[in-house]
Amino acid sequence: MHSLETMLDLLRQQPLPPPRLEMAPLHRLPGRVSAQTVRAGHDLPAFDASAMDGYAIAATPERPLGPYTLMGCVAAGAPDGGVLEPGQAMRVLTGAPLPRGCHGVVAQEHARLEADGVVLAAPLCYGAHMRLRGSELMRGERLVAEGERLKALHIGLLAAQGLSALQVYARPRVGVLSTGDELRAPGETLAPGQIYDANRPQLLALLDSVGAEAVDLGSVADDPAATRARLREATEVCDLILSSGGASVGDADHIRDAVDALGSISHWQVAIKPGKPFAFGHVLGRPFVALPGNPVAAAITFLLLARPLVRRAGGEAVAPQEAVAYPLLDAADNPGPRRHFLRGRFVDLDGVRHVEPFEQQGSAALATLASAEVLLELPAQARLAAGNRVRCHPLTTLGLR
């Protein structure tokens, strides 16, 4: 059995098929992973520009308030701002090129135009309201790194550089397969002893949230031949395959035998609760992850272990997930031999953020998973008092909530 850190290291070392490349227009880039390092092709701003409507001033120390002779007006889009000599002013609009010789811009509400020129309400603040060339970005500066997941707020920056599209990595095609005689799809009628398949819809949604192209492989009964056939079909359409259930040690758990017939399981079992029966291997050369059958265990092992692997399969540069320490609201115990991940919520007490685990922590308790704000780590065989700090994973940092 592996520790969580060892399993993460083993997964990071696994070679993955190189992601495919495609071009995407700017408005389709949010959530995609850049396949290239993008550098500024020109300075931003590309010229000295006015930051507001007002007057560009070439100041004179002997009469700081003016009047300054008005030489004309420059609007945004003008090819040139002209030239000012000391004692002169130019009316400028926001975004207009500044005249050479300008010492600063005075907002129009802080100046008045009189018959003999522009008079200032106060002496000019040198450099005021001037957007100087290259003050935001210099030509050659990096805008986006290869392997970086793009956000909506990248788009304006890329557009300002004249880019209309970007080369990105194709979304990895990740298949999801459920196993078990007892499973029925949501919407079907249940017979006695049957349950709805909660894992497959949940995992498909989690894959979508991480930027993968989720492929629904359906569910398969606890039958070795049927399981092998479904896995073989999955390798023809998927870059990576996830299954839930069938990877424990029960007589009806056929996933491991099916994978061994078509490839191999290289790493099995993690010393965490819930989530011990996690496995990684290959099926006909395709990376394969077996998640536990209990819904909470499947979700937690996906978030902690499978999610970084899926992101890497899509070309993303993935840094190790860092936990954050918060104090416990109440005492908590973990008498077991495995690290326990508890669902919980944040509680503010006297201005300090604390964490509180839910009372119900069963590995099939979906209600607490849906309302959780954070996963708390309790070390093995630990007794922690109220106020003790514990490692936590806010679900917002895992791409949820």
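Values in this text are rule-based calculations from the coordinates and carry no lab data. Source: prediction; values computed, not measured. All Cβ positions, glycine included, derive from the backbone under ideal geometry; neighbour counts span all protein chains shown.
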| Charge dipole (debye, nearest 20) of the chain; +1 at Cβ of Lys and Arg, -1 at Cβ of Asp and Glu | 500
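Which value, in debye to the nearest 20, describes the size of the charge dipole of region 130-184 about its Cα centre when Lys and Arg Cβ atoms bear +1, Asp and Glu Cβ atoms bear -1, and nothing else is charged?
On the way: 9 positive and 6 negative charges, 63 e Å.
Dipole magnitude for region 130-184 comes out near 300 debye.
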| query | If you add up the charges near residue 218, with Lys and Arg at +1 and Asp and Glu at -1, over every other residue whose beta carbon is less than 12 angstrom from its beta carbon, what do you get? | reply | 0
| query | Using a basic spin-label model with each label point 7 Å from the Cα along Cα→Cβ, how many nm lie between residue 323 and residue 47? | reply | 5.7
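At 20 °C and 1.002 mPa s, what whole-number value in µm²/s does Stokes-Einstein give for the translational diffusion of region 177-332, with Rh from the Kirkwood sum over Cα pairs? Each step should come with its number before you reach the end.
Values: Rh = 16.3 Å.
It comes out at roughly 132 µm²/s.
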| query | Can you give the helix-only mean residue ellipticity at 222 nm for the chain, where every DSSP H stretch with n ≥ 4 adds -39500 (n - 2.57) and the sum goes over all residues, rounded to the nearest 500 deg cm²/dmol? | reply | -4500 deg cm²/dmol
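Using r as the Cβ-Cβ distance of residue 93 and residue 396, and R0 as 51 Å, what FRET efficiency do you calculate, to the nearest 0.05?
Values: r = 42 Å, r/R0 = 0.82.
Computed FRET efficiency for residue 93 and residue 396 comes out at 0.75.
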| Theoretical gain in end-to-end length, residue 371 to residue 261 [0.36 nm per residue, Cα-Cα removed] | 35.6 nm
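Once the Cβ-Cβ distance between residue 151 and residue 121 is put in as r, and R0 is 45 Å, what FRET efficiency do you end up with, to the nearest 0.05? Please list the in-between numbers first.
Values: r = 42 Å, r/R0 = 0.92.
FRET efficiency, residue 151 to residue 121: 0.60.
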| message | Rounded to the nearest 20 debye, what is the charge dipole size of region 324-398 about its Cα centre when +1 sits on each Lys and Arg Cβ and -1 on each Asp and Glu Cβ? | response | 320
| Gaussian network model of the chain, Cα within-10 Å springs - most flexible of 152, 226, 122 | 122
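What is region 49-131's relative contact order, in percent, from Cα pairs under 8 angstrom and six or more apart in sequence? Each step should come with its number before you reach the end.
Numbers: 221 pairs, mean separation 33.3, N = 83.
About 40 percent, as a whole number.
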| task | Once you have the Cα-Cα distance between residue 386 and residue 348, take 0.36 nm times their residue separation minus that, and quote the gain in nm to one decimal. | result | 12.3 nm
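Please express the shape of the chain as an equivalent ellipsoid: the semi-axes are the square roots of 5 times the eigenvalues of the C-alpha gyration tensor, given largest first in whole angstrom.
Values: eigenvalues 725, 144, 56 Å².
Over the Cα atoms of the chain, the ellipsoid semi-axes are 60, 27, 17 Å.
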| message | Given points 7 Å out from each Cα along the Cα-Cβ axis, report the residue 189 to residue 83 separation in nanometres with one decimal. | response | 9.2
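Taking 30 Å as R0, compute the FRET efficiency from the Cβ-Cβ separation of residue 10 and residue 164 and round it to 0.05. Please report the intermediate quantities before stating the final value.
Values: r = 41 Å, r/R0 = 1.38.
Here the calculated transfer efficiency is 0.10.
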| task | Rank the residues 90, 52 as a footprinting-exposure proxy: fewest other Cβ atoms within 10 Å of their Cβ go first. | result | 52, 90
| request: Please go through region 294-401 and write out the GluC sites (Glu not before Pro) that DSSP classes as loop and that have at most 12 other C-beta atoms within 10 Å. | output: 322, 359
| field | Cα-projected label distance for residue 360 with residue 181, points at 7 Å along beta-carbon direction, nm | value | 2.9
| query | Extent of region 49-131 along each principal axis, from alpha carbon coordinates, in Å, largest to smallest? | reply | 32, 20, 18
